[in-house]
Amino acid sequence: MRIIIVGGVAGGMSAATRLRRLMEDAEILVLERSGYVSFANCGLPYYVGGVIEKRASLLLQTPESLHARFRLDVRVRHEVTAIDTAAKTVTVRDLEAGTQSCESYDHLILSMGASPVIPPIPGIERALTLRDVGDVDRMAAATDQALAAGKSAVVIGGGFIGVEVAENLAERGLQVTLVELADQVLPPLDPELASFVADELLKNGVSLRLATQVSQIGQTSVTLSSQESIPADIVVASIGVRPETRLAEQAGITIGSRGGVVVDDSLRTSAPEVYAVGDMVEKLDPLSGAATLVPLANIANRQGRRVADVIAGREPAPGTAQAYGTAVVKVFGLTAASTGANAKRLRAQDRRFVAIHTHPVDHAGYYPGASQMHLTLLFDPDSGEILGAQGVGPAGVERRIDVIATAMAGKLGAADLIDLELAYAPPYGSAKDPINQLGYLAENVLTGEQVIQWDELGAREPAETNLLIDVRSPQEFAAGSIPGARNIPVDELRDRIDEIPPGPHTVFCQVGQRGHVATRLLGQLNRQVTNLTGGYLTWKAGQRARELSHCGQA
Ligand code: FAD
């Protein structure tokens, strides 16, 4: 059996090595356009930043090492230029020799990835993108040049890769400006959490221009939609990626509504014996059932393994084409992570949900070094189905988001998080882990507690019959509160109940916990009360997000 794999990095090489482990006799040919296979594309920004010091560390395998261990025929600098699905052949150009050949297959696996979107901006030729080893060499050289010149850099796009590149250029000593079309950085986060990331970027010297576009790129500067001109010795475009589907499309393989190759749970395309994996394929959003694009390494690797299983005759694993989109990024001293849908997406889908916000410490507060994180859990208020989660903080965030991603995959409900038995000792967590706490809050909501979101609060004008009650201490109240709030500390509620008519009222505290106690108490004293989820801290983060949404605009 002859199997050809186009693309020799995440999905392609996972497929190739798994195939060999399952099929010793198969002939496996890997064709890779660039000069390298199995390189660490996720590590590229950290090589630019000098965190990964040796270029060789990015190169995980070579054609020789792959042949030695797996007897793979790996040909770099070989580009597939056409696929004939009827004749079961691919046309291959040897980019070194300049020759062309035709290779036949029994099974063809496409893992051609996604290419950076190049925005149609005058002067865009000067902008660098980051996808492969050639790109990182160019970016490292341009960074050195910029350091020797005016030391300025502009990164276009505030998604995960844009933020990573901005951080790494700043770590090298450049004055970085990050320009983002949306009114926040990191679109998978809702704005109140993204505000912590934006502040971390600002704190570390990265300037932000949000809700702003680059309208022109000059030789040493860029001009923004606000007419502002910013020095730019180096410009990096990082506004997203597009599935690399041109060849598949030309071969008549079905492309879906989101622009990726359509595959089933066996990763089969519409053409016989042609499979596709990774960034170039559309995934199924398990929450909405809609097609989606999720260009992440975990999924490409998983699908690479699964496609090998299918070709070797194993049963396809259910859910292979699904993706929740679980992602994490380091932003200087913070970690930001998310899984599933955020509130923006659920609203756009007209899906009913409740978001709860918490601000726990990553490990027991009495053990040195505890730091506060910010978590959001989104779930269906009727069924309790978990719809998504996000977190930002200096420590412990990725672990919590991974647990929720696992819970989602295992179809646990939001209140089931209460009963998860998670590893605990004071240096690592709390006896009531932040995950368990999210479960408590979700159960409270699912059993009738009313919560209100920070961005719904503005719609209510606090009045004598509709109080906004700050149940924190007078000292906390004096240090800053929500406009219109009246301070009745939680411990005084019973004694001052006459000041509180039947309702409806909203209560809040610092993070939501005393607000919950107040809600329970007042409810039992026949007052109608809603608790502000996440408390003053979430409200403040929301206000900060609104301030930041105009960041840097003229
Ligand atoms: P790729 O790994 O991109 O491989 C596709 C290969 O196909 C390419 O090498 C290309 O040269 C080759 N190819 C394309 N067309 C042809 C052709 N016609 N002939 C021959 N070869 C061809 N994901 C995460 O989950 N976490 C991260 O932290 C993260 N960081 C990233 C940082 C950067 C800078 C980049 C670029 C990506 C990052 N990703 C990250 C995304 C992750 O790298 C991709 O999701 C993953 O590599 C996709 O695997 P793939 O096999 O689909 O495509």
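The values are calculated or read from the model by the stated rules, or taken from the named source; none is laboratory data. Note that the coordinates shown come from a computational prediction; the quantities given were computed from them, not determined experimentally. Note that we place each Cβ from the backbone using ideal geometry, even for glycine, and neighbour counts take in every protein chain shown. Please note that ligands, DNA and RNA were not included when accessible areas were found on the heavy atoms of the full protein model with its side chains. Shrake-Rupley method; radii C 1.70, N 1.55, O 1.52, S 1.80 Å.
I'd like the full set of residues that are open to solvent by 30 Å² or more (accessible area, probe 1.4 Å) and either hydrophobic (A, V, I, L, M, F, W, C) or over 29 Å from residue 297 (Cβ atoms) (or both), limited to region 231-251.
The answer is 231, 233, 239, 241.
Given region 301-398, what strands (runs of 3 or more DSSP E) lie entirely inside it while holding 1 or more residues that are more than 20 Å from residue 159 (Cβ to Cβ)?
354-358, 374-379, 386-393
For residue 294, are the conditions met, namely being closer than 26 Å to residue 82 by Cα, assigned to a loop (DSSP other than H, G, I, E, B) and within 13 Å of the ligand (Cβ to nearest atom)?
yes
This table checks each residue for (1) touching a Leu at 6+ places or on another chain (Cβ under 6 Å); (2) within 10 Å of the ligand (Cβ to nearest atom); (3) polar (S, T, N, Q).
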{"site": "74", "(1), (2), (3)": "yes, no, no"}
{"site": "98", "(1), (2), (3)": "no, no, no"}
{"site": "107", "(1), (2), (3)": "no, no, no"}
{"site": "111", "(1), (2), (3)": "no, yes, yes"}
{"site": "133", "(1), (2), (3)": "no, yes, no"}
{"site": "157", "(1), (2), (3)": "no, no, no"}
{"site": "165", "(1), (2), (3)": "no, yes, no"}
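Restricting to region 65-81, count the residues that are of a type in the set (Val, Ile, Thr) and open to solvent by 40 Å² or more (accessible area, probe 1.4 Å).
Counting residues in region 65-81 that are of a type in the set (Val, Ile, Thr) and open to solvent by 40 Å² or more (accessible area, probe 1.4 Å) gives 1.
Restricting attention to region 56-72, which residues are touching a residue at least 60 places away in the same chain (Cβ under 8 Å) and either within 11 Å of the ligand (Cβ to nearest atom) or assigned to a helix (DSSP H, G or I) (or both)?
58
Under 26 Å from residue 44 (Cβ atoms) and small (Gly, Ala, Ser) - does that describe any residue in region 117-129?
yes
Return the residues of region 82-93 that are open to solvent by 30 Å² or more (accessible area, probe 1.4 Å) and within 13 Å of the ligand (Cβ to nearest atom); say none if nothing qualifies.
Selection gives 82, 91, 93.
Where residues in region 321-374 are over 17 Å from residue 193 (Cβ atoms), open to solvent by less than 20 Å² (accessible area, probe 1.4 Å) and within 16 Å of the ligand (Cβ to nearest atom), which of them is nearest to the chain's Cα centre (by Cα)?
Once the filter is applied, the top-ranked residue is 323.
Scan region 110-123 and tell me whether some residue there is open to solvent by less than 30 Å² (accessible area, probe 1.4 Å), touching a helix residue (DSSP H, G or I) at 6+ places or on another chain (Cβ under 9 Å), β-branched (Val, Ile, Thr) and closer than 23 Å to residue 34 by Cβ.
no
Looking only at region 272-290, how many residues end up being within 16 Å of the ligand (Cβ to nearest atom) and among the small types (Gly, Ala, Ser)?
Total meeting the criteria: 2.
Can you pull out every residue in region 83-114 that is of a type in the set (Ser, Thr, Tyr) and under 17 Å from residue 250 (Cα atoms)?
85, 89, 91, 111, listed by residue number.
Inside region 28-69, can you point out the residues that are in contact with an Asp or Glu (Cβ under 6 Å, 6 or more places away or on another chain) and farther than 17 Å from residue 138 by Cβ?
Result: 29, single match.
Yes or no, residue by residue, for (1) more than 30 Å from residue 149 (Cα to Cα); (2) aliphatic (A, V, I, L, M); (3) modelled with pLDDT of 95 or more:
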position: 192; (1), (2), (3): yes, no, yes
position: 199; (1), (2), (3): no, no, yes
position: 202; (1), (2), (3): no, yes, yes
position: 248; (1), (2), (3): yes, yes, yes
position: 254; (1), (2), (3): yes, no, yes
position: 274; (1), (2), (3): yes, yes, yes
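Being part of a helix (DSSP H, G or I) and within 13 Å of the ligand (Cβ to nearest atom) is the filter here, so list the residues in region 19-41 that pass it.
If the condition is that a residue be part of a helix (DSSP H, G or I) and within 13 Å of the ligand (Cβ to nearest atom), then 41 is the only one that fits.
Out of region 20-41, which residues are closer than 11 Å to residue 72 by Cβ, open to solvent by 60 Å² or more (accessible area, probe 1.4 Å) and not charged (D, E, K, R)?
If the condition is that a residue be closer than 11 Å to residue 72 by Cβ, open to solvent by 60 Å² or more (accessible area, probe 1.4 Å) and not charged (D, E, K, R), then no residue fits.
Cβ contacts < 6 Å: first residue closer than 11 Å to residue 281 by Cα, restricted to region 241-258; second residue of a type in the set (S, T, N, Q) and more than 11 Å from the ligand (Cβ to nearest atom), any location; separation 6+ or different chain. Result?
Pairs found: 254/270.
Determine if region 266-273 includes at least one residue that is under 21 Å from residue 117 (Cα atoms), in contact (Cβ under 8 Å) with a residue 12 or more places away in the chain and buried (at least 21 other Cβ atoms within 10 Å of the Cβ).
Within region 266-273, not a single residue is under 21 Å from residue 117 (Cα atoms), in contact (Cβ under 8 Å) with a residue 12 or more places away in the chain and buried (at least 21 other Cβ atoms within 10 Å of the Cβ).
Pick out the one residue from 495, 491 that is outside any helix (DSSP H, G or I), open to solvent by 50 Å² or more (accessible area, probe 1.4 Å) and at pLDDT 95 or above.
Answer to the selection: 495.
Checking residue 13 against (1) buried (at least 19 other Cβ atoms within 10 Å of the Cβ); (2) more than 13 Å from the ligand (Cβ to nearest atom); (3) in a helix (DSSP H, G or I): exactly one of these is not met. Which one?
Evaluating residue 13 over (1) buried (at least 19 other Cβ atoms within 10 Å of the Cβ); (2) more than 13 Å from the ligand (Cβ to nearest atom); (3) in a helix (DSSP H, G or I) leaves (2) as the failure.
Quick check: anything in region 498-509 over 27 Å from residue 201 (Cα atoms), β-branched (Val, Ile, Thr) and open to solvent by 10 Å² or more (accessible area, probe 1.4 Å)?
No, every residue in region 498-509 fails to be over 27 Å from residue 201 (Cα atoms), β-branched (Val, Ile, Thr) and open to solvent by 10 Å² or more (accessible area, probe 1.4 Å).
Would you say residue 288 is at pLDDT below 95 and either of a type in the set (S, T, N, Q) or not in a loop (DSSP other than H, G, I, E, B) (or both)?
yes
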